[in-house]
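Since the structure comes first, as structure tokens, the remarks are kept for the end.
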Amino acid sequence: MYKISVPMMAKTMNRSEKEHILEELKKLNAQRIVIALGIYHTDAKKRAKELEILAENCAFFKEHGFEVMAWKWAFWVEGENTFEHMTSVTGEVDRMFVCPSDETFRKAAAEHLCEIAKTGVDAIMFDDDFRYGCLTGGGFCCTCNNHLAKISEFLGEPVTRELLEEKLLSGGGNRWRDAFLNANGYYMELYAKEMREALDTVNPKIRLGTCTCMSAWDIDGTDPVTISRLFAGKTKPFFRLIGAPYWAVNKGWGNRLQDVIELERMESSWSKRVGIEVFAEGDVYPRPRWNCPSSYLENFDMAMRADGTIDGILKYGLDYTSSVNYETGYAARHVKNRPIYEKIEKYFSQKEACGVRVYDVPQKYAHMEIPARIAGTQEAQYVFHSGAARILACNAIPTTYSGSGLFGIAVGETARHLPKTAFEKGMILDATAARILSDAGIDTGLLKIGEDITVNEEHFIKENEYVRLESGPKAYRTELAESATVHSYFDDGDAEIPASYTYENADGQRFLVYTFDADFNVETLWRNYLRAAQIVEQAEWLGGKVLPAVCKGHPDLYMMCKEKDNTLSVGLWNCFADSILEPVVTLNHEYAQIHFINCNGNLEGNKVKLTELPAFGFAGFEVK
């Protein structure tokens, strides 16, 4: 069952009548209410009032059939304290966030956890601050005094922060990096174990889990699956994924709406979810709709349901500051879209995703060769964001995160972790992945990578078309094998250099290669009509079959394809401000029957002609 959890702030719940909150929760089909607590304060008197509110509301909502979860900050602290604070690799001390290496802090945190447990809640979840990365001041943590001692212990020799800065922010994998990751993981797991032990003294049946964040999958030195099981004790583990609709408002970390959808699908595939509850981050921060449109949340929710591997959503349908009567638009659109949810779950959720296999792994930093252009900065932690998924998502290329797909795509450091089976079909690579594979003895047609240069346009040979590249993207000068076929060239102002090429090696392995780094670059390199056309055109050569569905020529059109028993379901999410006037979807072969979801149209052989798809609208269909 796809479970809906709805959060509210404890300190503002009294701004609404409880009966009104109940009405809104029912509109949202909520089964769980998540009551968010404020920042942990060292003054017990200031915590007491919030605990009273939590206890009162817990009793009321449990009486009305809701599961009640308390939501608390893990490391964010207010008030006078002498705790050890998070310290970045470059020495910045974060005065807001305390490091879990501090034993005194862990005891205080355990006591607060027990205070919360005594209010009668069913579950407790730690917030996004359960992390070492992406904090203020860059936040590539932690090198506090406790960490330096633990890192030195793992190394068997003293270490300075200055040496760590050099070893952690440039070059390739090394023993200092390993020790740093081991220290991070040690303290995160110690915190999780001690919190569970403390909670068991009050009630071992209370579930305990956390929100994941970007660094939780990599530089934190452990992983959400391990952490969730330590938190869980004898209860069912759970965690919330990272990647929210509000990111798309200002392109947080470079993500548009379709990128956020792909991030959550990717994380779900990493989650080894047997026996673990995993739910999506349906956050519209800072709320209300003036700040984040409901269409972002609704498209995200629909995509999560269509994916079918995610157990539910933390859906921010109510405002955090105002009464529930102030912003009713999120709930209203949820109600309006209920029939669509039902059809999506019927026609999509039980099928298997099909399309291009996106290869990506969570833990890349340990062995990562940090690109020269970001060396010395804290940018390496953002390798979490998938350049491979971004190339496909904006171009309506359907993806899958299991099996081998029609063919595969891998960029950057993921190339070090590819299974041998990935090469049984063709692969799309970026320059970094091609170099890594070449160094490993796999002939990708790349003989040499040269200077990293700024390019301003790309010339597509077959179409004889030129595409302007904004914002100063970077590409490499390269030397290619004689038998490589160049399909486009970059212009750096002086000369044309290869931008994309196809190559088949002596072992019959086929590659479509881009001569840029896709993880640390500018999106104009892939957000254009001819990049999409190029992938569609090369699909059969790479994979032996055409893509299951194609709909070219529409910016930020996101497509998901699912198949089962000779039926194909196609979902189209228009993540763009223009409507699509006459969407035409070309299928992999002719079908005899069609069922439309939230749209109308005609099936004509292997083509589906749909009615106009509104901006930020959804359309779908099943054919067989």
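The values are calculated or read from the model by the stated rules, or taken from the named source; none is laboratory data. Every value quoted in this text rests on a predicted model; they were computed, and no experiment measured them. Glycine gets a Cβ as well: all are built from the backbone with ideal geometry, and neighbour counts include every protein chain shown. Ligands, DNA and RNA are excluded from the accessible area calculation, which covers all protein heavy atoms including side chains. Shrake-Rupley method; radii C 1.70, N 1.55, O 1.52, S 1.80 Å.
Being hydroxyl-bearing (S, T, Y), touching a residue at least 60 places away in the same chain (Cβ under 8 Å) and surrounded by fewer than 21 Cβ atoms within 10 Å (Cβ to Cβ) narrows it down to one residue among S170, S215, S152; which is it?
S170
Take A372 and tell me if it is surrounded by fewer than 18 Cβ atoms within 10 Å (Cβ to Cβ), under 23 Å from A306 (Cα atoms) and more than 22 Å from the chain's Cα centre (by Cα).
No.
Determine which member of the set T12, T104 is free of Cβ contacts under 8 Å to residues at least 40 places away in the same chain and in contact with a Phe, Trp or Tyr (Cβ under 9 Å, 6 or more places away or on another chain).
Within the list T12, T104, the selection yields T104.
Taking only pairs six or more apart or across chains, which ones have beta-carbon atoms under 6 Å, a first residue in segment 521-543 that is on the phi < 0 side of the Ramachandran plot, and a second residue that is buried (at least 23 other Cβ atoms within 10 Å of the Cβ) and polar (S, T, N, Q)?
Listed pairs, sorted by first residue: A532/N395.
Taking segment 431-441 as the search range and keeping residues that are in a helix (DSSP H, G or I) and among the aliphatic types (A, V, I, L, M), which one is nearest to H367 (Cα to Cα)?
I436
In segment 236-248, which residue that is in a loop (DSSP other than H, G, I, E, B) and without any contact (Cβ under 8 Å) to a residue 60 or more places away in the chain is surrounded by the fewest Cβ atoms within 10 Å (Cβ to Cβ)?
Selected residue: K236.
Out of everything in segment 520-571 that is touching a Leu at 6+ places or on another chain (Cβ under 9 Å) and of a type in the set (S, T, Y), what residue ends up being nearest to G403 (Cα to Cα)?
Once the filter is applied, the top-ranked residue is Y558.
Out of segment 249-268, which residues are open to solvent by 10 Å² or more (accessible area, probe 1.4 Å), in contact (Cβ under 8 Å) with a residue 60 or more places away in the chain and either more than 16 Å from M214 (Cβ to Cβ) or β-branched (V, I, T) (or both)?
Answer for segment 249-268, where residues must be open to solvent by 10 Å² or more (accessible area, probe 1.4 Å), in contact (Cβ under 8 Å) with a residue 60 or more places away in the chain and either more than 16 Å from M214 (Cβ to Cβ) or β-branched (V, I, T) (or both): just R256.
When you go through (1) without any contact (Cβ under 8 Å) to a residue 12 or more places away in the chain; (2) surrounded by 20 or more Cβ atoms within 10 Å (Cβ to Cβ) one by one for K346, which number turns out not to apply?
(2)
Among the residues of segment 317-342 satisfying the criterion of being in contact with a strand residue (DSSP E or B) (Cβ under 9 Å, 6 or more places away or on another chain) and β-branched (V, I, T), which is surrounded by the most Cβ atoms within 10 Å (Cβ to Cβ)?
V324
Say we look at segment 465-479 and pick out the residues that are assigned to a strand (DSSP E or B) and among the hydrophobic types (A, V, I, L, M, F, W, C); which of these is surrounded by the fewest Cβ atoms within 10 Å (Cβ to Cβ)?
Per the stated criteria, the residue is V467.
Could you tell me whether D494 is within 19 Å of G450 (Cα to Cα) and open to solvent by less than 60 Å² (accessible area, probe 1.4 Å)?
No: the conditions fail for D494.
Could you please find all residues in segment 284-303 being more than 13 Å from N337 (Cβ to Cβ) and either polar (S, T, N, Q) or crowded, with 24+ Cβ neighbours inside 10 Å (or both)?
Once the filter is applied, which keeps residues that are more than 13 Å from N337 (Cβ to Cβ) and either polar (S, T, N, Q) or crowded, with 24+ Cβ neighbours inside 10 Å (or both), segment 284-303 yields V284, N291.
Kindly provide the set of residues from segment 583-610 that are touching a residue at least 24 places away in the same chain (Cβ under 8 Å), farther than 15 Å from A396 by Cβ and out of contact with any Gly (no Cβ under 6 Å at 6 or more places or on another chain), ordered by number.
Y591, A592, Q593, I594, H595, F596, N598
What strands (runs of 3 or more DSSP E) lie completely within segment 505-614 and have 1 or more residues being more than 30 Å from T485 (Cα to Cα)?
Answer list for segment 505-614: 557-564, 567-574, 584-587, 594-597, 601-604, 607-610.
Within segment 489-504, work out how many residues are within 19 Å of D517 (Cβ to Cβ) and over 32 Å from the mean Cα position of the chain (by Cα).
Final tally of qualifying residues: 3.
Which residues, counting only those in segment 55-82, are touching an Asp or Glu at 6+ places or on another chain (Cβ under 8 Å) and either open to solvent by less than 10 Å² (accessible area, probe 1.4 Å) or within 30 Å of S101 (Cβ to Cβ) (or both)?
Correct list: V68, M69, W71, K72, W73, A74, F75, W76, G79.
Using beta carbons and a limit of 8 Å, which pairs, at least six apart or on different chains, have the first residue in segment 423-434 and more than 16 Å from S386 (Cβ to Cβ) and the second one of a type in the set (V, I, T) and open to solvent by less than 10 Å² (accessible area, probe 1.4 Å)?
Within 8 Å, the pairs are A431/V513; A431/T515; A434/T444; A434/V513.
Of everything in segment 3-47, what is touching a Ser or Thr at 6+ places or on another chain (Cβ under 8 Å) and over 26 Å from C99 (Cα atoms)? Give them in sequence order.
T12, R15, S16, H20, E24, A30, Q31, R32, I33
Find the helices (runs of 4 or more DSSP H) located wholly in segment 14-120 whose residues include 2 or more that are farther than 30 Å from V335 by Cα, and list them.
44-63, 103-117
Would you confirm whether or not segment 306-316 contains a residue that is surrounded by fewer than 23 Cβ atoms within 10 Å (Cβ to Cβ), basic (K, R) and in contact (Cβ under 8 Å) with a residue 24 or more places away in the chain?
No, there is no match, as no residue in segment 306-316 is surrounded by fewer than 23 Cβ atoms within 10 Å (Cβ to Cβ), basic (K, R) and in contact (Cβ under 8 Å) with a residue 24 or more places away in the chain.
Would a scan of segment 34-54 turn up a residue that is more than 30 Å from the chain's Cα centre (by Cα) and open to solvent by less than 10 Å² (accessible area, probe 1.4 Å)?
Yes, the conditions are met somewhere in segment 34-54.
Hey, does segment 278-285 have a residue that's over 13 Å from I242 (Cα atoms), at pLDDT 95 or above, in contact with a helix residue (DSSP H, G or I) (Cβ under 9 Å, 6 or more places away or on another chain) and not in a loop (DSSP other than H, G, I, E, B)?
Within segment 278-285, none of the residues are over 13 Å from I242 (Cα atoms), at pLDDT 95 or above, in contact with a helix residue (DSSP H, G or I) (Cβ under 9 Å, 6 or more places away or on another chain) and not in a loop (DSSP other than H, G, I, E, B).
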